[in-house]
Amino acid sequence: MRKILILSAALATAYMGSVQAEELTGTLQKVNESGIITIGHRESSIPFSYLDDKQKPVGYAMDLCNQVVAAVKKKLNKPSLVVKLVPVTSQTRTALMVNGTVDLECGSTTNSKERQKQVAFSDSYFVTSVRMLVRADSGIKSLDDLNGKPVVTTTGTTSDRYIKQNEQGHSIDVKNVYAKDHAESFLMVETGRAAAFVMDDVLLASLIANNKNPKDFAIVGPALSVEPYGIMMRKDDPQLKRLADETLSTLYKSGEVNKIYDKWFMKPIPPKNITINLPMSEKLKEAIKNPNDVGI
Amino acid sequence: MGHYQWNWAIVFEQVAGTKEYYYQWLITGLGWTVATALCAWVLALVLGSLVGTLRTVPNKWLASLATCYVELFRNIPLIVQLFLWFYVLPEVLPKSAGFWMKQDMPMPEFITAAIGLGLFTSARVAEQVRTGIMALSSGQKNAGLALGFTLPQAYRYVILPMAFRIVIPPMTSEFMNVFKNSAVALAIGVTELTFQMRQITGEYAPGNPIEVMTIVSVIYLILAFSVNRLMALIERRTQVPGYISGGGK
């Protein structure tokens, strides 16, 4: 009898616990208890998430994320919620998300099936195409023109794979060379070590915009791959995921997203007041019309 | 809180869209790491011994020239040196030579990395060799000269054989360092071990970075430890009875 009493008392406690957990779960519960929400940002992912001249993280993804944070504050009724900013890199972001160091990752992370094994993504807020940057006077127009030439890729990216995949189709022979970051990959093309730099078109556009002779370079060729970007968060965290998706949907429906897009892609941006000048792609317009979190 | 989905078998998985496996990438990387480090070490040993010896000769001009060499290569960070050799040198050379370096030079990344790392390490080796020579009492050199050796002969038969034995322990560290420093070669695109690690943990298999980083760390540990044991063996084999340098046991 006493055993049953203890058991039912334990069950009752567990039940009460679960009722409370149903109200707030996962990250929102954690944020509510600690009073801190931590955002993982990039340091040079222009114009998505990067440090401006005051070393403050800014960008298109940061603006969208700040809206999500505002929604979190409203939902938790905590206007004074502390927002902590933690820099992440492409190598550290997954691990820092999974171990709880950051709650939202606001950068330029491709929503891929491979990543979905560890983390979750909001609805896509950007769609990039992988294309190639060449010197304008090189005469290179298509993949076939790369036959026998060195093509540079930044370490840690998959662009060399797309060339390989196309190599089979086009039966061309490309020499893959590598640089450690995008700025050096660009330097390889600028100095003539590589004939082409294969990368996300938006990154190529911002590299060209930042060069002193933007007219010397061109982005050519077909889209080798199309990749959606999403805000990264922890897996199995439906409350935060729903809140993020709803926030983005509201921005998409009201057209507010167009203003934010123009601010970062069509107007001068810090730190050098350079304009990237990349009009919204059809793929992104489609993703804004029909919000989705389908990865590649 | 989420849980990290451990998957140590990640390295045996096939790279999506290719016929390759991740472990093959790591083996290729290991090959380039060993090749870069060994080539650099041979260069460092030859140049370093020469420069280190020159720093101790009576001729002031030769000695200060050697000092300049050491200070130049020792005081500039390795990554900056590689960057200078790879990106800047072709731009300041005459146009045809620069063009050759950029377009026609065979294995430009590997050769630049091996030479750059070799020169950097040679400055450090030179200092170890000089230390070894200075550690000998001046009586050894004088005894050699008194026996009728010329100065070069005194160096060759008396001073250097003893000096090299004395500096085997710090040389072991330098030899181990050259393997670890070779990771910097990824900055100019050598597809060595750390490069392959970054490649895999970047966009290719972003789900399991911790496993890949751990495996690569263990490979470096094994490499460096093997070097350590090899040098300990050399130290024992070359030991002169009665002298201090006989460790490694």
Checklist entry - From the phi of every residue in the range B:117-133, what ³J(HN,Hα) in whole Hz does the Karplus formula 6.51 cos²θ - 1.76 cosθ + 1.60 yield, where θ is phi - 60° and glycine or proline is x? => result 5, x, 5, 4, 5, 4, 5, 6, 4, 4, 5, 5, 4, 4, 4, x, 5
Checklist entry - For A:PHE217, B:PHE164, what ranking results if the residue with the fewest other Cβ atoms within 10 Å of its Cβ goes first? => result B:PHE164, A:PHE217
Checklist entry - What Kirkwood hydrodynamic radius do you get for the range B:176-249 when you take the inverse of the mean 1/r over all pairs of distinct Cα atoms, in Å? => result 14.5
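If you scale each eigenvalue of the Cα gyration tensor by 5 and take the root, what three semi-axes come out for chain A, rounded to whole angstrom and sorted largest first?
On the way: eigenvalues 360, 90, 54 Å².
So the equivalent ellipsoid measures 42, 21, 16 Å along its semi-axes.
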Next on the checklist: Could you tell me what a quarter of the Cα convex hull surface of the range B:101-249 works out to, in nm² with one decimal place?
Outcome noted: 12.6
Item to check | For the protein assembly as shown, the spread of Cα positions along each principal axis, largest first, Å | outcome: 96, 81, 46
Item to check | For the protein assembly as shown, cysteines whose Cβ has no other cysteine Cβ within reach (under 4.7 Å) | outcome: B:CYS39, B:CYS68
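If eta is 1.002 mPa s and T is 20 °C, what Stokes-Einstein diffusion coefficient results for the range A:129-227, Kirkwood Rh from Cα pairs, in µm²/s? Walk me through the intermediate numbers first.
Working: Rh = 13.0 Å.
So the translational diffusion coefficient is about 164 µm²/s.
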Checklist entry - In the neighborhood of A:PRO87, defined by Cβ-to-Cβ distances under 12 Å, what is the net charge if each Lys or Arg adds +1 and each Asp or Glu adds -1? => result +2
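If you rank A:CYS106, B:CYS68, B:CYS39, A:CYS65 by fewest surrounding Cβ atoms within 10 Å, what's the result?
Details: A:CYS106 30, B:CYS68 11, B:CYS39 19, A:CYS65 26.
With the sparsest Cβ surroundings first, the list reads B:CYS68, B:CYS39, A:CYS65, A:CYS106.
For chain B, which semi-axes, largest first and in whole Å, follow from the square roots of 5 times the eigenvalues of its Cα gyration tensor? Could you put the intermediate results ahead of the total?
Working: eigenvalues 336, 123, 32 Å².
Rounded to whole Å, the semi-axes are 41, 25, 13.
How crowded by other chains is A:148-159, given as the mean number of beta carbons from other chains within 10 Å of each beta carbon? Display every interim value, and only then the final one.
Values: counts 0, 1, 3, 0, 1, 2, 4, 11, 10, 5, 8, 1.
Per-residue shielding by partner chains comes out at 4.
In peptide A:189-196, how many Cβ atoms from other protein chains are near each Cβ within 10 Å, on average? Please list the in-between numbers first.
Values: counts 0, 1, 7, 6, 9, 2, 0, 0.
Whole-number average of other-chain Cβ neighbours for A:189-196 is 3.
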Checklist entry - When you look at the Cβ of every residue in B:51-59, what mean number of other chain Cβ atoms sits within 10 Å? => result 0
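Hey, could you grab the Kirkwood Rh for the range A:209-288? Inverse mean 1/r over distinct alpha carbon pairs, Å, one decimal. All intermediate terms of the calculation are to be shown ahead of the outcome.
Working: mean 1/r = 0.0646 Å⁻¹.
One over the average 1/r among Cα pairs gives 15.5 Å for the range A:209-288.
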Item to check | Relative contact order (percent, whole number), the range B:33-128, Cα cutoff 8 Å, 6+ residue spacing | outcome: 54
Next on the checklist: Please report the net charge: other residues with Cβ closer than 15 Å to the Cβ of A:ASP52, K and R +1, D and E -1.
Outcome noted: +3
Checklist entry - Check A:ILE274: other-chain or 5+ apart residues with amide H under 5 Å from its amide H, H built from backbone geometry? => result A:ILE269
Item to check | For the range A:213-221, 3J(HN,Hα) per residue [Karplus equation, 6.51 cos²θ - 1.76 cosθ + 1.60, θ = phi - 60°, Hz, x = Gly/Pro] | outcome: 10, x, 6, 6, 10, 9, 9, 10, x
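In the neighborhood of B:GLU174, defined by Cβ-to-Cβ distances under 15 Å, what is the net charge if each Lys or Arg adds +1 and each Asp or Glu adds -1? Mind dumping the intermediate values first?
Values: positive: B:ARG74, B:ARG124, B:ARG130, B:LYS180; negative: B:GLU127, B:GLU235.
Neighbourhood net charge equals +2.
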Next on the checklist: Quick check on my link table: of A:LYS54/A:LYS289; A:LYS78/A:LYS267; A:LYS56/A:LYS241; A:LYS241/A:LYS283; A:LYS113/B:LYS102; A:LYS78/A:LYS113, which ones sit more than 30 Å apart, alpha carbon to alpha carbon?
Outcome noted: A:LYS54/A:LYS289; A:LYS78/A:LYS267; A:LYS113/B:LYS102; A:LYS78/A:LYS113
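Starting with the fewest neighbours, write out A:LYS259, A:LYS30 ranked by other beta-carbon atoms found within 10 Å of each beta-carbon.
Numbers: A:LYS259 11, A:LYS30 19.
Least to most surrounded, the residues fall as A:LYS259, A:LYS30.
Any read-out appearing in this document is the output of simple, stated calculations on the displayed coordinates, not a laboratory observation. Worth saying up front: this structure is predicted, and the values here are computed from it rather than measured. Every residue, glycine as well, gets a Cβ built from its backbone with ideal geometry; the counts of neighbours run over all protein chains shown.
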